[in-house]
Amino acid sequence: MASDEARITVALSGNPNAGKTTIFNNLTGGRQHVGNWPGVTVEKKEGAARYGSHEFEVVDLPGTYSLTAYSLEEIIVRDFVILENPDLVVDIVDASNIERNLYLTTQLMELGVHVVVALNMMDVASARGINIDVDLLSELLGVPVVPTVGLRNKGTEELKEAIMSTVKGEARSRGIQVNYGKEVEEEISKLEREIERDERVSDEILGNYSSRWLAVKLLEEDEKVEEDVLKYSEPESPLLRQLEASRNHLFTIFSEDIETVIVDNRYGFVAGVVREAVEREFEEPVTLSDRIDRILTNRILGFPFFALFMWLMFFLTFYLGKFPMNWLNHLMRELGNFINTVVSSPAWLRSLLVNGVVGGVGSVLVFLPQIFIIFICISILEDTGYMARAAFIMDRVMHWLGLHGKAFIPLLMGFGCNVPAVMATRTLESDKDRMITILVNPLMSCTARLPVYALFTAAFFAANQGTVTFSLYLLGIILAVAMAKLFRRFLFPGESEPFVMELPPYRLPTFKGTFIHMWERGSMFLRKAGTVILAGSVVIWMLSYLPPGVKYGSPASIAGKIGHVIEPLVKPLGFDWRAAVALLFGFVAKEIVVSTYGALLGVGESRALISSGLHQFFTPLTAYGFMAFTLIYTPCLATVAVIKKETGSWKWTAFAIGYSLALAWIVAFVIYRVGLLFGLGR
Amino acid sequence: MFDEIMDEIKNAGGPITLKELAMRVGAEESALEGMLEFLEKKGRLSLVRAGEWEQCRVTSCEVCAFRKCCLESGKEGAT
């Protein structure tokens, strides 16, 4: 303990957001300077505080929840307390979250340093009906406890007084040690003895660490401590032999790693202290979010509500979308007419602009309003907090599949775009879960498929556009579920761990937030139209126009010849060579399926003409089969690239392409053949 | 504590919210979160935080909230 005259160093520690900086400012006033911790960019604040005639240095340590060696902040705090050996550590505890905050306190006490607890935010705790018996808490912890309200500078003088009396040795401040139970304590004692007997370890290390702390950390397999000990202890030394024997012995008893046993005991100790010293006047109030959740996350009602919201989303997309879509369609037609009037020759240039550019890109662009509306709906569902609930209620299904509940998040994201959805699988810890989720993700119907559905449903299912589209989304989900189950069973066997979810409260979405999300995603579609789809459309135009002299888009054109080569593969599904060409180019981006028809039919100036043109090659049955094929077959080029990047394997990338192609063919075949059996061929 | 938590999760027979679990084991939500984070690190369960969902909503790396995490973990963006 420092003498009155010596410079006293006080370190401030605490959980993030416990009010540490406020207490630091209250203690030091303006007398502080800011720098960085050596070698890192974590801010270091130091200042001077005065109490009566005494002055002491205060060091603000980074906020941390524990003293393991996992994060930079934890290592900084631990190293400072051990190596700089401050005279005292003031642990700032958020009284309104006392149970979590006291975990760090137990670890500080374990280090063997002098601790004073500043029980901060007492006003917040009182407002929440949390009453803390400060004296009893102090007795249970074995360290002084001072209630403070940092924001109102309450308790600062009392804290300074406690610091001084502790430094002078007038108050007990080493803290009570957590008891880890008979078996663990016995091994700790054995290790302590060996640590003290090992001359090099006790000479080089024990000046900094207490032997008990060192023993506990060695049992916990703390990498940093182990590294220090291995540096000084001889291989095969009695200490290292004892360590191995203790670990093995405890593993035999508990059948799990000893760190878990130790951490569990620390939490148990904290829970016991809280039970004794903390009283809650009233239960947590039932919020509006809780009431809504009783219905929307209900085991039975949750699913129909989820289906209803999804159906509503597609209904609104098509119902509201048709008005601006008609205006855009009119605009495209006028643009085609204008080009026809202005560009009279050469004929190839007129054909390129009208059939290639307007026909190709325009036929996709007219679906922009629907894309924006579906993104608005998704944004609203996310901003209100409903999507998190959807993931929650789907967990049961996910577990049935052997997949992690968390996997539903990237799957839901796939409704927007499969590229970020595949990337989002990084949140899954298990490689097997990740691989399954990546493989089935392209079955979730992304918005790039929407123009295809919109075109074909308008042409063949005008009265039930929303419902037919909903059925395709549902088909994608069902297939994803089935394939996940198969992959889990045959390719990636194993179990998923249970899932706990923190649900955000329901919120009213803001216009600005919804608009930004809609624009962020919708603008990607616009960018794609101006790049990939434009390039694809020009290529298809060339293939339909060449060789010179043939009728545009005829079987004699290059596109026609390519189509005829592939046609035998799609003929059993009821598709012709045009569908083969459209699907072939749709591999680049699914929207190109639509622009291919726009270009092939040479009717770029009118969506209505494309629709009527489609009636020459499709029946409602084959149109539905074609939409299903588009949904399932080979993911687009960008998704394939991201699958390769995320799996790091050409084998699995090829598998993703191959299985989806085979599945698409089988599903379209079944739809067509079963439809024919039921007389739906016309 | 951990055995009690794992038992409650098992007994729930499906997914469980942090709030509900905190009520069942009689712990503070924030303290329970700390325990669950530890158990998650040990591979015993998985915890999805409220903010986590909101991070997964972008269409390209340029606007992706995960970008920092990806760069830190050495996995650069894919698009």
Can you give me the orientation-averaged projected area of the convex hull built on the Cα atoms of the stretch B:1-47, in nm²?
2.8
Neighbouring partner chain Cβ atoms per residue of B:12-25, average, 10 Å criterion
5
Quick check: net charge around A:K160, other residues with Cβ under 12 Å of its Cβ, Lys/Arg +1 and Asp/Glu -1?
-3
Where in chain A lies the longest segment free of chymotrypsin sites (Phe, Trp or Tyr not before Pro) that are both loop residues by DSSP (not H, G, I, E, B) and have at most 12 other Cβ atoms within 10 Å?
A:283-677
A:I92 long-range amide H proximity, modeled H, under 5 Å:
A:S13, A:G14, A:A118
Nitroxide proxy distance, nm - points 7 Å out along Cα→Cβ at A:L151 and A:N326
5.6
Distance between Cα centroids, the stretch A:277-347 to the stretch A:650-664: provide it in whole Å.
31
Considering Cα pairs under 8 angstrom that are at least six residues apart, work out the relative contact order of the stretch A:191-252 and quote it in whole percent.
42
To the nearest 10 degrees, the tilt of helix A:238-254 (Cα long axis) against the first principal axis of the alpha carbons of chain A is 60
Can you spot the aspartates and glutamates whose alpha carbon is less than 19 Å from A:K528's alpha carbon? Ignore those fewer than 8 places along the same chain.
A:E520, A:E591, B:E62
If each of A:A556 and A:R174 carries a label point 7 Å out from its Cα toward its Cβ, how far apart are those two points in nm?
10.2
The stretch A:376-474 - percent relative contact order, Cα under 8 Å, separation 6 or more
19
Solvent-free Debye scattering, log10 I(q)/I(0), computed from the Cα coordinates of the protein assembly as shown at q = 0.09 Å⁻¹:
-0.90
The extension gain from A:D135 to A:K645, computed as 0.36 nm times the residue separation minus the Cα-Cα distance, is 177.7 nm
Under the definition of Cα pairs under 8 Å and six or more residues apart, what whole-number percent is the relative contact order of chain A?
10
Counting only other residues whose beta carbon sits under 12 Å from that of A:I592, what net charge do I get with K and R as +1, D and E as -1?
+2
Residues of A:502-511, mean number of Cβ from any other protein chain within 10 Å of their own Cβ, rounded to a whole number?
3
Cα centroid distance between the stretch A:399-474 and the stretch A:117-179, in Å?
54
Interchain or sequence-distant (5+) residues whose placed amide H lies within less than 5 Å of the amide H of A:V500 are B:S46, B:L47, B:V48
Kindly flag which residue pairs out of A:K20/B:K42; A:K432/B:K42; A:K432/A:K485 have an alpha-carbon separation exceeding 22 Å in this structure.
A:K20/B:K42
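Any read-out appearing in this document is the output of simple, stated calculations on the displayed coordinates, not a laboratory observation. Remember, it's a predicted structure, so these values are computed and weren't measured experimentally. Ideal geometry is used to build each Cβ from the backbone, glycine not excepted, and the neighbour counts take in all protein chains shown.
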